[in-house]
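Visitor: Below: one structure in structure tokens.
The values are calculated or read from the model by the stated rules, or taken from the named source; none is laboratory data. Predicted model, so just to flag it, every value in this text is computed and none were measured. No Cβ is skipped: glycine too gets one built from the backbone with ideal geometry, and neighbour counts run over all protein chains shown. Each accessible area value is taken on the protein alone, full model and side chains, heavy atoms only, with ligands, DNA and RNA left out. Shrake-Rupley method; radii C 1.70, N 1.55, O 1.52, S 1.80 Å.
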Amino acid sequence: MKLQSLFEIEAREYQNIAFTAQSADTARIVVLGLCAGLLLAMLYTLYLRVVPGSLARALLQRNANTPERAQALDSLHLPLRGFVVASLAHNTTLQRLVKIAPHTEADGGKEKSPARYYIPEENVFRAESLYSKRGNPIIQLFLALFGCTALAVLLCKLIPVALSMIDAIL
């Protein structure tokens, strides 16, 4: 049994519905596209929880909820630091939660200190609910992949059954 045969949709004659081989191919492409989009959305959600979430969790763990308690990125020891910096620049949800403490002048104004970040007290609950780390991301990735594949196979096998029911009603 080939893997490709799991995703084939049987084209057959119905009394009131025209479902040709070309229609079956189009339906298969739509089903696979929907499942691929669902998988990509799950991957993006996982990315959001891992990358920007690591910054939010690190700030929450250190109680950085005021400008005086703000932390520099270097002191947080974040994995994937480059991605975190990119998220700070482009992720509007993270920008609303994480604030930048005012710069302090060091050495007579010649050199600025690095940016320090904090989560204001009014945003702590939202940050905890958005970025709390629940479960194992690797297991969730495999479950999402398995679920999307199973959904695609199931939809490909159920389309002829659904068309038979619709044809019987018509």
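Visitor: Of (1) over 14 Å from Ala144 (Cβ atoms); (2) out of contact with any Ser or Thr (no Cβ under 7 Å at 6 or more places or on another chain), Leu39 satisfies all except one. Which?
Guide: Here Leu39 meets the rest and fails (1).
Visitor: Which of the numbered conditions does Leu76 fail, given that it passes all the others? Conditions: (1) free of Cβ contacts under 8 Å to residues at least 24 places away in the same chain; (2) in contact with a strand residue (DSSP E or B) (Cβ under 6 Å, 6 or more places away or on another chain); (3) buried (at least 17 other Cβ atoms within 10 Å of the Cβ).
Guide: Only one criterion in (1) free of Cβ contacts under 8 Å to residues at least 24 places away in the same chain; (2) in contact with a strand residue (DSSP E or B) (Cβ under 6 Å, 6 or more places away or on another chain); (3) buried (at least 17 other Cβ atoms within 10 Å of the Cβ) is unmet by Leu76, namely (2).
Visitor: If Pro102 satisfies every condition in (1) in a helix (DSSP H, G or I); (2) at pLDDT below 90; (3) not acidic (Asp, Glu) but one, which is the exception?
Guide: (1)
Visitor: Okay, next question. Any idea which residue in the range 6-22 is farthest from the chain's Cα centre (by Cα), counting only those that are open to solvent by less than 40 Å² (accessible area, probe 1.4 Å) and within 23 Å of Cys148 (Cα to Cα)?
Guide: Top of the filtered list is Ile9.
Yes/no per residue for (1) open to solvent by 60 Å² or more (accessible area, probe 1.4 Å); (2) of a type in the set (S, T, N, Q); (3) out of contact with any His (no Cβ under 8 Å at 6 or more places or on another chain); (4) modelled with pLDDT of 90 or more:
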site	(1), (2), (3), (4)
Glu122	yes, no, yes, yes
Arg134	yes, no, yes, no
Pro137	no, no, yes, no
Gln140	yes, yes, yes, no
Cys148	no, no, yes, yes
Pro160	no, no, yes, no
Leu163	no, no, yes, no
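Visitor: I need the full set of residues from the range 1-48 which are in contact (Cβ under 8 Å) with a residue 24 or more places away in the chain, in a loop (DSSP other than H, G, I, E, B) and closer than 26 Å to Phe142 by Cα, in order please.
Guide: Across the range 1-48, the qualifying residues are Glu8, Ile9.
Visitor: Which one of Val124, Val161, Val85 is in a helix (DSSP H, G or I), within 30 Å of Asn16 (Cβ to Cβ) and more than 15 Å from the chain's Cα centre (by Cα)?
Guide: On the way: Val124 fails: within 30 Å of Asn16 (Cβ to Cβ); Val85 fails: within 30 Å of Asn16 (Cβ to Cβ).
One residue alone meets the criteria, Val161.
Visitor: Could you pull out the residue among Tyr47, Tyr117 that is at pLDDT 90 or above, within 21 Å of Ser129 (Cβ to Cβ) and surrounded by 15 or more Cβ atoms within 10 Å (Cβ to Cβ)?
Guide: Working: Tyr47 fails: at pLDDT 90 or above.
One residue alone meets the criteria, Tyr117.
Visitor: Which residues, taken from the range 50-66, are surrounded by 13 or more Cβ atoms within 10 Å (Cβ to Cβ) and not in a loop (DSSP other than H, G, I, E, B)?
Guide: Those that are surrounded by 13 or more Cβ atoms within 10 Å (Cβ to Cβ) and not in a loop (DSSP other than H, G, I, E, B): Val50, Val51, Pro52, Gly53, Ser54, Leu55, Ala56, Arg57, Ala58, Leu59, Leu60.
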